1. Asp142 - would you say it is within 26 Å of Gly340 (Cα to Cα), outside any strand (DSSP E or B) and away from the ligand (no atom under 14 Å from the Cβ)?
2. Only residues in the stretch 55-66 that are touching a residue at least 24 places away in the same chain (Cβ under 8 Å) count as the first member; pair them with residues that are loosely packed, with under 11 Cβ neighbours inside 10 Å, Cβ under 9 angstrom, at least 6 apart or cross-chain, and list the lot.
3. Of the numbered conditions (1) over 16 Å from Gly349 (Cβ atoms); (2) hydroxyl-bearing (Ser, Thr, Tyr); (3) under 28 Å from the mean Cα position of the chain (by Cα), Tyr43 satisfies every one except a single condition; which is it?
4. Within the stretch 19-52, count every residue that is in contact with a strand residue (DSSP E or B) (Cβ under 8 Å, 6 or more places away or on another chain) and within 16 Å of the ligand (Cβ to nearest atom).
5. Considering only the stretch 327-334, I want to know if a residue exists there that is modelled with pLDDT under 95, assigned by TED's automatic domain parsing to the domain that holds Tyr13 and among the charged types (D, E, K, R).
6. Looking only at the stretch 213-229, how many residues end up being touching a residue at least 24 places away in the same chain (Cβ under 8 Å) and either surrounded by fewer than 24 Cβ atoms within 10 Å (Cβ to Cβ) or more than 13 Å from the chain's Cα centre (by Cα) (or both)?
7. Before we move on, is Lys31 in a loop (DSSP other than H, G, I, E, B) and among the charged types (D, E, K, R)?
8. Against the condition within 22 Å of Phe357 (Cα to Cα) and modelled with pLDDT of 95 or more, how does Pro18 come out, does it pass?
Amino acid sequence: MEFNKQLKDIKNYSAGKPIELVVREYGIEPKDVVKLASNENPYGSSPKVIEAAREICDKMHLYPDDSMYELKEGLSKRFGIKSDEIIIGAGSDQILEFAVRAKANETNSVLMAKTTFAMYEIYAKGVGTNILKTPSDTHKLDEFLKIYKSRKDISILFLCVPNNPMGETLTKSEIYEFLKQIDKNTLVVIDGAYQEFAAYKDKQMQIEPKDVIEKFSNVLYLGTFSKAYGLGGMRVGYGIARDEIIQNLMKLRPPFNITTLSLKAATEALKDNDFVEKCIKENFIQMKRYEEFATALGIEYIQSYTNFITFLLKNDKNSSEISNSLLKKGIIIRDLKAYGLNAVRITIGKRNENDRFFEIFSQIYNAGQ
Ligand SMILES: *Cc1c(COP(=O)(O)O)cnc(C)c1O
């Protein structure tokens, strides 16, 4: 059978390996598997969220509220924006897809950092648009500008701040200076999946959705409940932009794209700020241990504004071999070989999970692999 030609070139997103796979393949007890591969919240979800989700289990036969009134109210209060300036997606991933379908096509181009969130490229390929990347692995706005100014056909710019899988971010003032130089017909996606972490670590890195969309009519800010809020399994993300952008993205949204349970969970999660704050605080306490660990082993790492850390390995070590050896011991991390890097990305876990990682990683590392 023939399929649309742009599909030929798409490699499936390789999601972090699930715990079940390690249990099946290596015969390790589920309780001994340490999953540090998908940037999930190691502390789970807020107990208040779990309770609220339980209470609406008897509503599963009904379609969810397609206006998503409650969740939009929560978000508009949180950010000081109007409901018309919000779109909800099955993960912020789904909003990325809407954005690409709304703006990119075979006659134009999209621009992103060389090493960034893999889904930008996958969605872009899906619509057959031309994909441009900056030379550097991390975000260098002068590189973005140089490419942007050298052509007239860029429909979307992706800024992943903080950047997954590298961990670096940009200051608000750098981003604002950059945005001033971008044409209002170019959509700038500011992917803030880890903004809660960045804002906690350094206020200069915080991008406030209200402020950025007030100042720049062409920005789409994305946030997610999958990371700091601990709801990866619920699939809820949001986009914030001027209503003209939101109205157009809404045309691509399938009805009932979020489940009843997910809507409830996200709405409740927004109310439990203490939980999120505690998780973020502990994240950076544990992050420091990773930095010290890397330094002690002479491993270079990137200053991270997220819930993961990326180790850049020397040539005499192989990121794939190390990741595989860890997997056999029940520790799942992310090898970045597929990005062309001899590097690994490790989600910051709970204290005891990190202890286990340090122990096994140093054994493998010192033994040569
Ligand atoms: C995790 C992540 C997302 C989206 O996650 P969803 O679960 O789809 O909301 C978006 N961008 C980046 C950079 C991410 O790491």
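The values are calculated or read from the model by the stated rules, or taken from the named source; none is laboratory data. Every value quoted in this text rests on a predicted model; they were computed, and no experiment measured them. Cβ coordinates were reconstructed from backbone atoms using ideal geometry, including for glycine residues, and neighbour counts include every protein chain displayed.
1. Working: within 26 Å of Gly340 (Cα to Cα): yes; outside any strand (DSSP E or B): yes; away from the ligand (no atom under 14 Å from the Cβ): yes.
The answer is yes for Asp142.
2. From the stretch 55-66, the pairs are Tyr63/Pro255; Asp66/Pro255.
3. Among (1) over 16 Å from Gly349 (Cβ atoms); (2) hydroxyl-bearing (Ser, Thr, Tyr); (3) under 28 Å from the mean Cα position of the chain (by Cα), the lone unmet condition for Tyr43 is (1).
4. Kept after step one, since they are in contact with a strand residue (DSSP E or B) (Cβ under 8 Å, 6 or more places away or on another chain), are these residues of the stretch 19-52: 19, 22, 33-40, 42.
This time we only want the ones that are within 16 Å of the ligand (Cβ to nearest atom), so: 35-40, 42.
Total satisfying the criteria: 7.
5. yes
6. Residues of the stretch 213-229 that are touching a residue at least 24 places away in the same chain (Cβ under 8 Å), as a first pass: 213, 215-229.
Now restrict to residues that are either surrounded by fewer than 24 Cβ atoms within 10 Å (Cβ to Cβ) or more than 13 Å from the chain's Cα centre (by Cα) (or both): 213, 215-220, 226.
Of the residues in the stretch 213-229, 8 are touching a residue at least 24 places away in the same chain (Cβ under 8 Å) and either surrounded by fewer than 24 Cβ atoms within 10 Å (Cβ to Cβ) or more than 13 Å from the chain's Cα centre (by Cα) (or both).
7. Numbers: in a loop (DSSP other than H, G, I, E, B): no; among the charged types (D, E, K, R): yes.
So Lys31 does not fit the description; no.
8. Values: within 22 Å of Phe357 (Cα to Cα): yes; modelled with pLDDT of 95 or more: no.
Spelling it out, it is not the case that Pro18 is within 22 Å of Phe357 (Cα to Cα) and modelled with pLDDT of 95 or more.
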